[in-house]
Amino acid sequence: MKSLKPISIYIHWPFCVSKCPYCDFNSHIQETVDHKKWGQALMVELEYLVNNYLIEDLNQYYLKSIFFGGGTPSLMKPFNIRKIIEKCKKHFLNKKYFQDIEVTMEANPSSIFNKNLKEFYYSGINRISIGVQSFNDDFLKFLGRNHNVFEAKKSIELSKETFENVSFDLIYALPEQSLKSWERSLLEAMAFDPEHLSLYQLTIEKGTVFNKNYINGSLVPIRDEKASKMYSLTDSITKQHKINSYEISNYSKKNKNCAHNLVYWKGGDWIGIGPGAISRFFYKNKRTQISIRKNPSNWLKSVIVQNHGISNIKFENKRDYCIEKILMGLRLTKGINIEKLKSVLRMDKIQTLIKNNNLILERQNLKTTFEGRLILNSILSEIIK
Ligand SMILES: C[S@@+](CC[C@H](N)C(=O)[O-])C[C@H]1O[C@@H](n2cnc3c(N)ncnc32)[C@H](O)[C@@H]1O
Ligand code: SF4
């Protein structure tokens, strides 16, 4: 019997209580949201994508993961979460795999409390990823967050009481942040014994308030050397606590890496619904990328009228797919098998980077060294033909 392929489903909830000054995600503030209408529309779009693009291949797949991202999906009503999860499962009849489906919800500390956590759990969420961002009140203010350290810690404790699989995000390499302060935050993070951590260096994204401040000189990013030292510190403290790096910004206990995000990093197949979501899968043997319109009210109108909010469909050629695999796969600590990717790789550049201790090639497996991870973007721009 032919073995089944994994597929994942991403659901984008585009609303937040306030807009953080560093964030360029598709997130919006809207006074009132018609939850019933929104839940319905998300399910209609899912049905549309499945029925139009996957129906012929549906029996080749098993459902690997569901991810509610945002925005702030912890602002969703649990009844919508439950219905959407049921709808996702309905399409994949191979129940053998159902108990292993990873179902993650991103959550903001200010929108989780004991009661709704339990409701989310009973709706089918089995993994939670909390946007803690910092264990320092001054930095939380700087980041424009609407929670304080006490609330952040409480939200982790409550989540651990309800879920076996808890992850949280921290942002570091902030202006004026000292190595000592980051070390303290890391140790506080370790004290919660999390299954998984996403530890991001602050990036200044176009179109954000931080970018405006950077241009007018009121925000001065920390120097690269200091950021590198913070990255090394992160690596050694997480290692000491057996929460190992498996991706450039992601760390986990054994077998607790995020199955959903691994699908993106390994060039797997997924369906994305909701404003601004992207899908990538094989349709009629062609790697296909479907983009959904970003503006929430335009998206909703479009789904009501035509059952979907698709704004663009692109069929990728073999070269595009190889490049996607390299760009995403080299983020992984394990690296990638390059046997079928050589047509787009500059092997001469790879040899030089190996000599300079930035890359390692073992048989066909190419991966970055720790030093290489510090300069991943420049490596990627050098090695692709
Ligand atoms: C969609 S948000 C997570 C959920 C929720 N909206 C929240 O903020 O709590 C995804 C994560 O990306 C990270 N992030 C977003 N913008 C960033 C930036 N400019 N630099 C570094 N990390 C960023 C944050 O850690 C954030 O938690
Ligand atoms: S809460 Fe999360 S998604 Fe919303 S603006 Fe802040 S970082 Fe962006």
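Values as computed for the structure displayed
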| item | result |
| --- | --- |
| Rounded if a/c under 1.5, otherwise prolate or oblate - segment 5-264, Cα gyration tensor axes | prolate |
| P(r) weight above 18 Å for segment 286-364, C-alpha pairs, percent | 58 percent |
| Most mobile of L46, L199, L345 in a GNM of the chain (Cα contacts under 10 Å) | L345 |
| Burial ordering of L187, L197, fewest other beta-carbon atoms within 10 Å first | L187, L197 |
| Residue with peak Gaussian network fluctuation, the chain [Cα springs, cutoff 10 Å], from N165, N211, N108 | N211 |
| Segment 318-385: C-alpha gyration tensor shape, a/c 1.5 cut-off, then a/b vs b/c | rounded |
| Those lysines that a straight Cα-Cα span of less than 18 Å connects to K355, excepting residues fewer than 8 apart in one chain | K367 |
| Cysteines in the chain that, by Cβ-Cβ distance, have no pairing candidate under 4.7 Å | C16, C88, C258, C322 |
| Spatial separation of Cα centroids for segment 63-103 and segment 1-55, in angstrom | 11 Å |
| Distance (nanometres) between label positions extended 7 Å along Cα→Cβ at I375 and Y122 | 5.6 nm |
| Ranked list, fewest to most other Cβ atoms within 10 Å of each Cβ, for F315, F120 | F315, F120 |
| Mean Cβ neighbour count within 10 Å, used as a protection proxy, ranking 28-35, 219-226, 70-77 highest first | 70-77, 219-226, 28-35 |
| Average Cα contact separation per residue, the chain, under 8 Å, 6 or more apart, as relative contact order % | 16 percent |
| Shape of segment 204-342, Cα gyration tensor, a/c cut at 1.5 | oblate |
| Distance in nm between pseudo-label sites at F315 and N59 (7 Å out along the Cβ direction from Cα) | 2.5 nm |
| Nitroxide proxy distance, nm - points 7 Å out along Cα→Cβ at N148 and S249 | 2.8 nm |
| Fraction of beta bridges assigned by DSSP in the chain that are antiparallel (%, nearest 5) | 45 percent |
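Read-outs: derived from the displayed coordinates by stated rules, not from any lab. The structure presented is a predicted model; accordingly, all values stated were derived computationally and were not measured. Every residue, glycine among them, receives a Cβ derived from its backbone with ideal geometry; neighbour counts consider all protein chains shown.
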